Amino acid sequence: MVAHADQPNLSATTAPEPKQDNFIVTVNLALQDAKSVLDQQQQFRQLSLTQLNILFVTNTALLTVLSISRLLFTISPFSVLEIVGFFLSFSVLIYAVLPRQPLVTPNLEDPESLEHYLSMSPDEYRLQMLTNFVEVYKANKQRLDDITQALSIATYVVWGLVIITLSHVLSVMLFAVLGQKSIL
């Protein structure tokens, strides 16, 4: 069979793409993945803030219960432990809520930086953005790790406070019951 000039050459359509096109596709995919990871990191930050709010509310509720019942104002080992626990837990929670400036790239406030980015070719720009996203991820991850560690410590302290508070309430109730029986 003889090939005609007007028939398409199938071997030309199945040839691999040039390396430059593969590189561009790969960089674009990497940029999409990096943006996705940064979005997930932001969602984790929001979840951490929700956990922080829950711990603040729980801590405040415990303090309110002890204040209303006036158990916090009685001199006892429980009261001392509760006061120390509240001081510690609120301190850790306040540390977790301290503002941490997230890193953002590119810096839109710096005109020189913008000029630098605008002078790049599209491929150079994509590569630079990918490098920037990696740095942003690392910097923001450290900030999130600090918050997560503070939340973990605060969680244990609040659980300890719950146990101490319940023990305090139960001991007062037990002594009240035993005191009534001894009067009878």
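The values are calculated or read from the model by the stated rules, or taken from the named source; none is laboratory data. Owing to the predicted nature of the structure, the values given are computational and were not obtained by experimental measurement. Neighbour counts run over all protein chains shown; Cβ positions are idealised from the backbone, glycine included. Quick note on the areas: whole protein, heavy atoms, side chains included, nothing else; ligands and nucleic acids left out. Shrake-Rupley method; radii C 1.70, N 1.55, O 1.52, S 1.80 Å.
With protein chains left intact and a 1.4 Å probe, residues in segment 138-184 average 67 Å² of accessible area per residue.
Distance distribution note for segment 25-91: the fraction of Cα pairs above 21 angstrom is 50%. What residue among PRO77, GLN142, TYR117 has its Cα farthest toward the positive end of the dipole of segment 72-184, where the charges are +1 on Lys, Arg and -1 on Asp, Glu, each on the Cβ? Result: PRO77, furthest along the dipole toward the positive end. Helix-only arithmetic for the chain: the sum of -39500 (n - 2.57) across DSSP H runs with n ≥ 4, divided by the residue total, places the mean residue ellipticity at 222 nm at -28500 deg cm²/dmol.
With the alpha-carbon atoms of segment 122-184 aligned to their principal axes, the span from lowest to highest coordinate is 90, 13, 6 Å, starting with the largest. Extension gain for LEU98-VAL172 works out to 22.9 nm (0.36 nm per residue, less the C-alpha to C-alpha distance). Remark: the chain carries a charge dipole of roughly 1360 debye about the Cα centre, counting +1 on each Lys and Arg Cβ and -1 on each Asp and Glu Cβ. Taking the 1.4 Å solvent-accessible surface of the chain as the whole, the part contributed by carbon and sulfur is 67%.
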